[in-house]
């Protein structure tokens, strides 16, 4: 397999699926634990970055291609909140020469209208008074997940959902700017999606991930990051026993992501 050859080039063994922690962070990342010494690239992202069902996620392959240690800080269903509020993780990322940040969706984050779980960002906790007023006919106690709730609200009233959508866009841009500033190291954004940024950005479902993120929202971050690398995915059906398209991301797509990141990483690390 190409991924095995890329990884063997660096003389490294396949990564374990054991979980590990880093320097006081409460999050459990894909192991084995790496030594955060010398030069390394921090790879922050969600389900795709974690790569539960592949032997070599793109951080491993990127390490094989560049020869620099690439640490996988992928956290399933991660939104902006889980990274922005983890000081220990931000310190780990800030000490890196470079941070690759997979673009998160705008669904799994707290905002003026609702709150999510601080670590499991896909979990809906509570609606705020403005959302209860906007959708007075909806019983929010029946929702456990953000996508379920937003899909229902969009079906109830597309017009009122547009107002909620605008708030999520503003909150996402502000949250991403804060996260990038807190990281401190140079940041390369990685867009992993079956759609282009300007296509289907109003769909909250998982097939549109990073859901509710548009090209306009990405453009607002251009002056805050070093580069944006876009990888278009084939439509990946949900696999039995897996969480969804992100979990089913195939090894070839991880290889494409690693190869696409090499020029940006090489330019920033070596000029």
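The values are calculated or read from the model by the stated rules, or taken from the named source; none is laboratory data. The structure presented is a predicted model; accordingly, all values stated were derived computationally and were not measured. Reconstructed Cβ throughout: ideal geometry from the backbone, glycine too, with neighbour counts over all protein chains shown.
Among the residues here, residue 189 qualifies as in a strand (DSSP E or B), under 13 Å from residue 102 (Cβ atoms) and either touching a helix residue (DSSP H, G or I) at 6+ places or on another chain (Cβ under 7 Å) or touching a residue at least 24 places away in the same chain (Cβ under 8 Å) (or both). Going through (1) part of a helix (DSSP H, G or I); (2) surrounded by fewer than 17 Cβ atoms within 10 Å (Cβ to Cβ) one by one, residue 154 falls short only on (2). For the stretch 111-139, a residue qualifies if it is farther than 22 Å from residue 83 by Cα and either free of Cβ contacts under 8 Å to residues at least 12 places away in the same chain or surrounded by fewer than 16 Cβ atoms within 10 Å (Cβ to Cβ) (or both), and the qualifying residues are 128, 129, 130, 132, 133, 136, 137, 139.
Screening the candidates 255, 199 for the property of being modelled with pLDDT of 90 or more and surrounded by fewer than 19 Cβ atoms within 10 Å (Cβ to Cβ) yields one hit, 199. What about residue 105, is it closer than 23 Å to residue 176 by Cα and part of a helix (DSSP H, G or I)? The answer is no for residue 105. For residue 40, which of the numbered conditions (1) more than 19 Å from residue 262 (Cα to Cα); (2) in contact with a strand residue (DSSP E or B) (Cβ under 9 Å, 6 or more places away or on another chain) fails to hold? Looking at each condition in turn, residue 40 falls short on (1). Taking first residues from the stretch 157-170 that are without any contact (Cβ under 8 Å) to a residue 40 or more places away in the chain and partners that are assigned to a helix (DSSP H, G or I) and surrounded by 19 or more Cβ atoms within 10 Å (Cβ to Cβ), the Cβ contacts under 7 Å between residues at least 6 apart in sequence or on separate chains come to 161/153. Scanning the stretch 62-84 for residues that are over 18 Å from the mean Cα position of the chain (by Cα) and surrounded by 24 or more Cβ atoms within 10 Å (Cβ to Cβ) returns a single hit, 63.
Screening residue 87 on (1) in contact with a helix residue (DSSP H, G or I) (Cβ under 8 Å, 6 or more places away or on another chain); (2) surrounded by fewer than 24 Cβ atoms within 10 Å (Cβ to Cβ) shows it passes everything except condition (1). For residue 212, the criteria (1) at pLDDT 95 or above; (2) outside any helix (DSSP H, G or I); (3) touching a strand residue (DSSP E or B) at 6+ places or on another chain (Cβ under 9 Å) hold in every case but one, which is (3).
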